[in-house]
Each structure stands twice: as C-alpha cells, then as structure tokens.
Amino acid sequence: MDAAPLVSVIMGSKSDWDAMRQADELLTRFEIPHECRVLSAHRTPAETAQYVGDAEARGIEVIVAAAGGAAHLAGVCAAHTLLPVLGVPMESASLKGMDSLLSTVQMPAGIPVGTLGIGSPGARNAALLAIAILANSRPELRRKLRSYREEQRAKVLAEVL
Ligand code: RP5
C-alpha cells in the first residue's frame with residue numbers, strides 16, 4: 001500500500017505471522033493503509049522503542065502488538081507511546097498461550113493495553129478494533145464496518161443443519 005500507514009502491526013517473531021496475517025488480511029480488505037513488522041521487546045529492545053516512539057509522528061493511529069510466551073511487546077509499546085495499543089497473545093507450545101495472555105493483559109494501572117483473545121481470533125479482532133477506532137472519525141469506514149457485521153449476520157442466519 002502506498003499511502004502512509006494508519007495502523008502498525010508488529011509481532012515478536014516471524015513465527016507469529018501465521019496468526020497475524022489474518023489481521024493483515026482484514027486491514028487490507030478494509031483498505032486501511034498499514035504496515036507489518038517483526039520487532040521484539042527482548043531481542044530488539046532499542047529498535048522497538050525507537051520504532052514505537054516515532055510512530056505517531058509518521059501518522060500511525062493504532063498499534064497492534066502480538067507476542068507469545070513472556071509476551072512483553074504490547075506493554076513495552078504502550079510504555080513508549082500515547083497511541084492506543086492492542087495486544088494479541090500468541091498461542092505458545094508449552095502453555096497454549098495462557099502465558100502470553102497473562103503477560104499481555106496484566107498491565108500496571110496507568111499504562112493500558114487493550115488485550116484481545118489468544119491467536120487467530122485475537123488477531124482478527126485486533127484488526128477489527130483498530131478499524132472501529134479509525135471509523136470513529138471516518139464515516140465511509142464506519143459504513144464498511146456496518147456492512148461487514150451485516151454479512152456475518154446473514155451468514156449465520158443462512159446456516160442449514
Ligand atoms: C515471542 O516468542 C514471539 O512473539 C513468539 O511468539 C515467541 C517465540 O518466538 P520464536 O522463538 O519462534 O522466534 O517473542
């Protein structure tokens with residue numbers, strides 16, 4: 001996408017991409033300029049701080065941050081920006097993402113992270129929540145979001161068992 005990104009989707013490892021590509025796909029479907037990057041709270045701490053610190057000046061309005069295990073990425077992002085940060089806990093091999101969930105959601109009061117569910121559903125909902133935030137001031141986007149809900153409704157009502 002050529003326009004300046006409005007949403008940044010970052011993840012702690014390329015191994016998170018299988019889940020996070022679903023956020024990427026939804027943002028693309030809604031024609032939201034966005035960028036996806038691998039940045040780690042632990043493996044690239046300085047670059048993560050720099051990237052997040054510069055995000056608002058580059059026109060980013062929402063940050064989606066996904067990580068697994070000792071999942072500190074979303075919290076570290078929130079510490080470095082006033083932008084809304086949506087955290088997506090990745091499913092982990094050993095604890096099925098409970099570790100990621102608790103380390104993402106249990107932020108100290110004062111530095112919020114809006115935490116979604118574990119794995120792919122969380123990735124999709126993070127994209128939809130980012131879109132809803134942008135849609136507050138963009139009527140055309142709000143219209144698209146409404147018709148997406150309508151599509152889901154029609155699909156459920158058309159189910160035949
Ligand atoms: C986290 O550790 C990443 O977000 C990923 O979910 C997890 C495992 O990373 P890899 O060892 O697969 O790179 O930082």
**Fill in**
With the first residue restricted to segment 117-138 and required to be farther than 12 Å from Leu27 by Cβ, and the second required to be modelled with pLDDT under 95, Cβ contacts under 8 Å at 6 or more apart or on different chains are none
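Here's the yes/no breakdown for (1) in contact with a strand residue (DSSP E or B) (Cβ under 9 Å, 6 or more places away or on another chain); (2) in contact (Cβ under 8 Å) with a residue 12 or more places away in the chain; (3) surrounded by 13 or more Cβ atoms within 10 Å (Cβ to Cβ):
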{"residue": "Ala4", "(1), (2), (3)": "no, yes, no"}
{"residue": "Val7", "(1), (2), (3)": "yes, yes, yes"}
{"residue": "Lys14", "(1), (2), (3)": "yes, yes, no"}
{"residue": "His34", "(1), (2), (3)": "yes, yes, yes"}
{"residue": "Tyr51", "(1), (2), (3)": "yes, yes, yes"}
{"residue": "Ala57", "(1), (2), (3)": "no, no, no"}
{"residue": "Ala65", "(1), (2), (3)": "yes, yes, yes"}
{"residue": "Gly69", "(1), (2), (3)": "yes, yes, yes"}
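Return the residues of segment 24-54 that are among the aliphatic types (A, V, I, L, M) and within 14 Å of the ligand (Cβ to nearest atom); say none if nothing qualifies.
Restricting attention to segment 24-54, the residues satisfying the condition of being among the aliphatic types (A, V, I, L, M) are 26-27, 32, 38-39, 41, 46, 49, 52.
Hits for segment 24-54 are Val38, Leu39, Ala41.
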**Prompt:** Which numbered condition trips up Pro84, out of (1) touching a His at 6+ places or on another chain (Cβ under 9 Å); (2) over 14 Å from Met11 (Cα atoms)?
**Reply:** (1)
**Asked** If you scan segment 98-110, which residues turn out to be under 10 Å from Ala70 (Cα atoms) and buried (at least 17 other Cβ atoms within 10 Å of the Cβ)?
**Response** Asp99, Ser100, Leu101, Ser103, Thr104
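The values are calculated or read from the model by the stated rules, or taken from the named source; none is laboratory data. As the structure is a prediction and not an experimental result, all values here were calculated from the model. Quick reminder, even Gly has a Cβ in these numbers, built from the backbone with ideal geometry, and neighbours come from all protein chains shown.
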